[in-house]
Structure formats: structure tokens, C-alpha cells
Amino acid sequence: MALTPEEVRSIAHLARVGVDDATLTELATDLTTVLELVEQMNSVDTTGVEPMAHPGAAQLRLRADKVSEENQRESLQAPAPSAEAGYFLVPRVIE
Amino acid sequence: MSADLHTLTLAQMHSALQAGDVSSRELVDHSLKRIEATNPDLNAILQVDVEGAQASADAADASRSAGNAGPLTGIPMAHKDIFCTKRLNTTCGSRMLENFAAPYNATVVDRLNEAGMVMVGKANMDEFAMGSSNENSYFGSVGNPWNKEYVPGGSSGGSAAAVAARMVPAATATDTGGSIRQPAAFCGITGIKPTYGRVSRYGMIAFASSLDQGGVVAATAEDCAMMLHAMSGFDERDSTSADVEVPNFAAGLNESIKGLTIGLPEEYFGDGLEAAVGDAVQAGIKELEALGANVKSISLPNQHLCIPAYYVVAPAEASSNLSRFDGVRFGHRCEDPKDLEDLYKRSRGEGFGPEVIRRIMIGTYTLSAGYYDAYYKKAQQIRRLISDDFDKAFESVDVVLGPTTPSPAFKRGAKTDDPVSMYLNDLYTVSANLSGLPGLSMPCGFVNDMPVGMQLVGRAFDESRILAVAHQFQQATDWHQKMPATV
């Protein structure tokens, strides 16, 4: 199926990726090509096939519910573009 | 000896260190000099840590004097810039992380540090490991040491080029769809992607979490075995880490391959394979037969669906993983955002390159309301079929063998305008990621003076076997000893 530039605009919004109008058409062409490639999957009937989310039969482990890490707030916030007093700062959300 | 120290393999460096013929400080200084001399042409290494490397080398020499040296102590190496390191920035080849100083080390980094290896620098890569040519790096593309007009492959192109140019004897790498094996093939070296869960993903920046796996590139299978051993093993901090015993891979290398059955999937030798590459692989197969292995034709009937399924699963997981880059907690933030949405959109639009944006968009689309069953669920069902094909094959064969890539390295710029033709580089490699199986690429010849790789795929957690087959092959051939003219 061919994506239109308008559909690409809405996907970009869902992904919160800023894309300028000039590249919307180009992206629509690229994404359509990729979707055509993946649609080859429809050549095989997969009715009743159990989906495989993960390699092997590995079950996700649960760790014990106990404190395992020291507080590292300062070092973990050090790479933040803007942080103060333990908070990440963003533009005002409530006027 | 000192003029050509860099031509030694990792194992040979270890022997020279043990014999007292060379110190770690000499090896590391030599590696740093090699990088200085050859990297400007290749751009394989993004950052060098002279001070840290020299200090670690001195510490390694001291622990050797104290009688505490292991097989990797004092040997220089590079980390793919996807592994978080407290020293040096961790960029993942992206503008998004251009100035990112990781607050912690990846488990792989800690383990190799504990083993005494010396990180000399961080290797270039395709942005967020998305690419097959290293042309998607924000920090510039990488030259193939065999001919710098050609790509080194990707996404671990910097790691592979640094080893092929003998800047370092070995480097870490990661593989989501072929990103260790394809560049190893293009650069004429050996690379192994272990079984999913074998090597911890903690601190390895996530692309597609059900496919990503860390591994090694080096000159020989023996070197890969030595380093992989130190990297492997259960890690509480990675919820998908496998609690499976790690054999001493190096100790099993001399296992004879007499009577071993090698499966040759007919789908790996048909349409899409360049004839001269097929010839080089066939010559390699003859060599293995001469060593006593039996070959058997097999079929992986869903092979043609690997790339389509991969390009749903990988982008879907990427779109979710990369949502963490929001311009708030770390990474690039745009100038003067007018509100929160503007901050998200511009930070991400500016921070990510075109291929990363394409994949995030594909993933967002295939996971969006109403499309999930048609794309993601369908791809997961096909993934099951592909995995079942391997299970069936391994009922009658010990390893599966074929070409690593359909063609040798291509010229820089040749495929940048056509994402799908770039994706086909991974035609033979993605199935091991979808199935979680270990895969190895080793050099087996040349086409037009560029190296050709041969791939071995093994049963889950049977890295020992593919490493032994590769080692036996390398005892009988010298393709792995060939080096670019500039070395």
C-alpha cells in the first residue's frame, strides 16, 4: 500500500519526530518501498502459527523485590540537558 | 619486533607478553601510534583514550609482574561506540548522543576491564546500529582497509575496519541483523555473534531488544574464542541474559571436525548470490570436506521471508526503544523549544539521521492501531516458521554453512539512495538473529581483491562448535592471515 505525505505526517506526529514538509514526500516514497518489501510476508498462510516474540523458550525472570541499587540521582542526571534540584526541566506545561 | 607488533594476533600478543618479549605498555603505545597513522584515512576510531589506555597498560604490566595475568591481560582493544563506557563519550554514531557521557559501564566493558584488556578507543558505527555500510554514522563514513573507496560494512564497520587495519587485534561489536558478520566478511576478518542471551545487553544501547547481541571481531577464530569467553555469562542486570554455563571456548578449538555434518541450505546458493562469491564459498566447503566433514544439502524453506519479517520486527522494537530519546533526560535538546511537544519533535528530528527516522516511522506505523495483526503479529509468526526451519535442519546436521553476504564490499555511495537494496546485504545473516542462534563469519577468498566471508550457524549455545570448525579451517588455510597492503 502506498502511503501519502499526509499519512506520513500523522505517523511522524505519533513518533514525535519533527519532519519538515519538504521531506514528507520523499519519506512517503521510502516508507512505501519498505512496506512493499514487508508485504511479501502475505505470501505465506500463518493461520494457527504461534507468534515468536523472543528466541528460545526463555521465560523472563523476575528479580527479588529488594533494594539492589544505590541512589545515583546526581550521576544519572548529570547528562540531562537541563536539571535542577533533582528535577528534569522542560518548558512550562500548565499556564 | 616492535615495527610489526600490530600484525600479531591476540593469541600471539598473549604469548609474547607471557614470554616477556614485550610489555603491555609497548603493545598499547604501538596500537595508539597505529591509530594515529592509519585512522585519518579510515575514520574507524571516533575517540582515543591515550591517558586511560597507558594507565591500564601499566596496571596490566604490574599485575603480570605480580603473577596475576590472564589470557587477555594487557592486550589493546576497541569498543564499538554502542557500549556505555565511563571513560570517553558514548555516541552510538548519533548526533543525539554526541556529548553523552555515560554514568556507568556496560557489563561487557566491566568484564573485559576485569580480564585486564586495555581499551584504546571507541569504534565508529552506523547510527544506533542501523545500517550495513557505516555510511549512516553522524561522524562520517568509514573506509574499508582493503580499498578505502569501498565500505567496510556495518553496523560494526568501525570495529571491523580497525581490526582489518591492525589498529587493534580485536574489538567488541554488536549484531541485530548481521552487523558483526557482514562487516567481518567485507573486511576479511573473523566475527562471531553468539547465541541470544549469551552476552549481557546491559549498557549496550538498545536497537531491537529481541535481536540485539554483543560479540567480537578479530583476526582469527581463536582470538574470538578467547575474548568471547571473558564477555559471556549470566548477568542479573539483563532480564534476557541466559543462565547457561559458559564453556572455555578456546579449550575446544582443537576438537576434530571429522565426521561432522555440515548442512548447506539450497536457498543460500540460489538467486541473489554473486557467482564469484559462491565459488569462493564452494572452495571453502571442499577444504572442510578434506578435513573430514560431511556435507549435506538442506532446505530452509522460509528463508525468502527473513528480510520482510526482520524489517517489521526490528523497526517496531526500535521505535519503542528509541522513544527514550526525548530531549529531556539525556541526549540532544533543540534550541528554545516553544512547548513540550515542540521540544520532543525538534530534539528528535534534529538528533536522528534519515535511516533512524525511517525505521522509527516504519515501526510506529506497523504498531499503530489497526495494523498490529497485519504486520507485527504476522512477522512474529513468520519468525516462528524461520526458527522451526533451523530446528528441523539441526536434527540432521551439526552446523549450517553458506556465504555471509550475497556480494563483497561495494563502493561508498553505491547504495545510499536505495534503502531496500542496502537491506539485502543481510539476506543470509538475519535468520540467525530471528532464531537467536550463534553465527560466525570467516574469510574464505577474494573477489576483485575484496575479501569474501563464509558463515557458520550453530545450535543454540553451541558456539564452541562453530568456533572449532572455523579454527580447524584456519589451521588448514591462510585467508585469515591476509592483510591489506597498508598493513
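The values are calculated or read from the model by the stated rules, or taken from the named source; none is laboratory data. Here the structure is a predicted model, which means the values were calculated and not measured. No Cβ is skipped: glycine too gets one built from the backbone with ideal geometry, and neighbour counts run over all protein chains shown.
In the stretch B:49-76, what count of residues is obtained for those that are in contact with an Asp or Glu (Cβ under 8 Å, 6 or more places away or on another chain) and outside any helix (DSSP H, G or I)? Working first, answer last.
Here is the first cut: in the stretch B:49-76, the residues in contact with an Asp or Glu (Cβ under 8 Å, 6 or more places away or on another chain) are B:54, B:57, B:74.
So of that shortlist, the ones also outside any helix (DSSP H, G or I) come out as B:74.
Number satisfying all stated conditions: 1.
For the condition free of Cβ contacts under 8 Å to residues at least 60 places away in the same chain and either facing chain A (nearest Cβ under 7 Å) or in contact with a Ser or Thr (Cβ under 6 Å, 6 or more places away or on another chain) (or both), what is the one hit in B:ARG324, B:ARG346?
B:ARG346
Where the second residue is among the polar types (S, T, N, Q) and not in a helix (DSSP H, G or I) and the first is more than 13 Å from B:TYR311 (Cβ to Cβ) and free of Cβ contacts under 8 Å to residues at least 24 places away in the same chain and lies in the stretch B:373-388, which pairs have Cβ atoms under 6 Å and are six or more apart or on separate chains?
B:GLN381/A:THR46
Could you check the stretch B:146-165 and list, in sequence order, the residues that are surrounded by fewer than 24 Cβ atoms within 10 Å (Cβ to Cβ) and under 19 Å from B:TRP479 (Cβ atoms)? I'd like the intermediate steps shown before the answer.
If we filter the stretch B:146-165 for residues that are surrounded by fewer than 24 Cβ atoms within 10 Å (Cβ to Cβ), which is where we start, we get B:147-150.
Answer for the stretch B:146-165, where residues must be surrounded by fewer than 24 Cβ atoms within 10 Å (Cβ to Cβ) and under 19 Å from B:TRP479 (Cβ atoms): B:ASN147, B:TYR150.
Kindly evaluate B:ASP339 against the criterion of being more than 30 Å from A:THR32 (Cβ to Cβ) and at the interface with chain A (Cβ under 7 Å from one of its Cβ atoms). Talk me through it step by step, then tell me what you get.
Details: more than 30 Å from A:THR32 (Cβ to Cβ): yes; at the interface with chain A (Cβ under 7 Å from one of its Cβ atoms): yes.
Taking the combined requirement at face value, the residue satisfies it.
Looking only at the stretch B:212-220, decide whether some residue is in contact with a Lys or Arg (Cβ under 9 Å, 6 or more places away or on another chain), touching a residue at least 12 places away in the same chain (Cβ under 8 Å) and within 14 Å of chain A (Cβ to nearest Cβ).
Among the residues of the stretch B:212-220, at least one is in contact with a Lys or Arg (Cβ under 9 Å, 6 or more places away or on another chain), touching a residue at least 12 places away in the same chain (Cβ under 8 Å) and within 14 Å of chain A (Cβ to nearest Cβ), which makes the answer yes.
Out of the residues in the stretch B:318-352 meeting the condition of being small (Gly, Ala, Ser), within 24 Å of B:ARG201 (Cβ to Cβ) and buried (at least 21 other Cβ atoms within 10 Å of the Cβ), tell me which one is nearest to the chain's Cα centre (by Cα).
We begin by selecting, within the stretch B:318-352, every residue small (Gly, Ala, Ser); these are B:318-320, B:323, B:327, B:331, B:347, B:349, B:351.
Those still in the list that are within 24 Å of B:ARG201 (Cβ to Cβ) too: B:318-320, B:323, B:331, B:351.
From what is left, the residues that are buried (at least 21 other Cβ atoms within 10 Å of the Cβ) are B:318-319, B:331, B:351.
Working: B:ALA318: 18, B:SER319: 22, B:GLY331: 24, B:GLY351: 24 Å.
Here the answer is B:ALA318.
Take the residues in the stretch A:21-46 that are charged (D, E, K, R) and more than 8 Å from every other protein chain (Cβ to nearest Cβ), then tell me which one is farthest from the chain's Cα centre (by Cα).
Here the answer is A:ASP45.
Any residue in the stretch B:213-220 that is within 20 Å of B:GLU236 (Cα to Cα) and more than 13 Å from the chain's Cα centre (by Cα)? Walk me through it before giving the result.
From the stretch B:213-220, those within 20 Å of B:GLU236 (Cα to Cα) are B:213-215; that's our starting set.
Cutting the leftovers down to more than 13 Å from the chain's Cα centre (by Cα) gives us none.
Checking the stretch B:213-220: not a single residue is within 20 Å of B:GLU236 (Cα to Cα) and more than 13 Å from the chain's Cα centre (by Cα).
Residue by residue, here is whether (1) small (Gly, Ala, Ser); (2) touching a Cys at 6+ places or on another chain (Cβ under 8 Å) holds:
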{"site": "B:LEU343", "(1), (2)": "no, yes"}
{"site": "B:PRO354", "(1), (2)": "no, no"}
{"site": "B:LYS377", "(1), (2)": "no, no"}
{"site": "B:GLN380", "(1), (2)": "no, no"}
{"site": "B:LEU385", "(1), (2)": "no, no"}
{"site": "B:ASP388", "(1), (2)": "no, no"}
{"site": "B:GLY402", "(1), (2)": "yes, no"}
{"site": "B:SER407", "(1), (2)": "yes, no"}
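May I ask you to list the residues in the stretch B:253-279 that are part of a helix (DSSP H, G or I), aliphatic (A, V, I, L, M) and either buried (at least 16 other Cβ atoms within 10 Å of the Cβ) or at pLDDT below 95 (or both)?
Taking the stretch B:253-279 first, the residues part of a helix (DSSP H, G or I) are B:266-269, B:275-279.
Then keep just the ones that are aliphatic (A, V, I, L, M); that gives B:275-277.
The one that is part of a helix (DSSP H, G or I), aliphatic (A, V, I, L, M) and either buried (at least 16 other Cβ atoms within 10 Å of the Cβ) or at pLDDT below 95 (or both): B:VAL277.
Name the pairs whose Cβ atoms lie under 7 Å apart, with the first residue in the stretch B:232-258 and away from every other protein chain (no Cβ under 14 Å), the second among the charged types (D, E, K, R), and 6 or more positions between them or separate chains?
Hits for this filter: B:SER232/B:ARG198; B:PHE249/B:GLU463; B:ALA250/B:GLU222; B:LEU253/B:GLU222.
If you check B:SER209 against the conditions, is it closer than 18 Å to B:PRO315 by Cα, of a type in the set (Gly, Ala, Ser) and out of contact with any Pro (no Cβ under 6 Å at 6 or more places or on another chain)?
Values: closer than 18 Å to B:PRO315 by Cα: yes; of a type in the set (Gly, Ala, Ser): yes; out of contact with any Pro (no Cβ under 6 Å at 6 or more places or on another chain): yes.
Yes.
For the list (1) surrounded by fewer than 20 Cβ atoms within 10 Å (Cβ to Cβ); (2) over 25 Å from B:ARG465 (Cβ atoms); (3) in contact (Cβ under 8 Å) with a residue 40 or more places away in the chain, I need the number of the one condition that B:GLY363 fails.
For B:GLY363, the failing item is (1).
From (1) within 26 Å of B:LEU424 (Cα to Cα); (2) modelled with pLDDT of 95 or more; (3) more than 8 Å from chain B (Cβ to nearest Cβ), pick out the condition that doesn't hold for A:ARG9.
Of everything listed in (1) within 26 Å of B:LEU424 (Cα to Cα); (2) modelled with pLDDT of 95 or more; (3) more than 8 Å from chain B (Cβ to nearest Cβ), A:ARG9 misses just condition (1).
Of everything in the stretch B:4-39, what is closer than 18 Å to B:ALA55 by Cα, of a type in the set (Gly, Ala, Ser) and outside any helix (DSSP H, G or I)? Give them in sequence order.
Result: B:SER23, single match.
Tell me which residues, restricted to the stretch B:299-320, are touching an Asp or Glu at 6+ places or on another chain (Cβ under 9 Å) and more than 8 Å from every other protein chain (Cβ to nearest Cβ).
Kept after step one, since they are touching an Asp or Glu at 6+ places or on another chain (Cβ under 9 Å), are these residues of the stretch B:299-320: B:299-304, B:306-308, B:310, B:317.
Once the filter is applied, which keeps residues that are touching an Asp or Glu at 6+ places or on another chain (Cβ under 9 Å) and more than 8 Å from every other protein chain (Cβ to nearest Cβ), the stretch B:299-320 yields B:SER299, B:LEU300, B:PRO301, B:GLN303, B:CYS306, B:TYR310, B:GLU317.
Conditions tested, residue by residue: (1) more than 7 Å from chain B (Cβ to nearest Cβ); (2) touching a Ser or Thr at 6+ places or on another chain (Cβ under 8 Å); (3) in a loop (DSSP other than H, G, I, E, B); (4) surrounded by 12 or more Cβ atoms within 10 Å (Cβ to Cβ).
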residue	(1), (2), (3), (4)
A:GLU50	no, no, yes, no
A:HIS54	no, yes, yes, yes
A:ASP65	yes, no, yes, no
A:GLU69	yes, no, yes, no
A:SER75	no, no, no, yes
A:PRO81	no, no, yes, yes
A:VAL90	no, yes, yes, yes
A:GLU95	yes, no, yes, no
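Among helices (runs of 4 or more DSSP H) lying entirely in the stretch B:95-212, which contain 1 or more residues that are out of contact with any helix residue (DSSP H, G or I) (no Cβ under 8 Å at 6 or more places or on another chain) and of a type in the set (Ser, Thr, Tyr)?
Values: elements: B:107-114, B:157-164, B:181-187.
Answer list for the stretch B:95-212: B:107-114.
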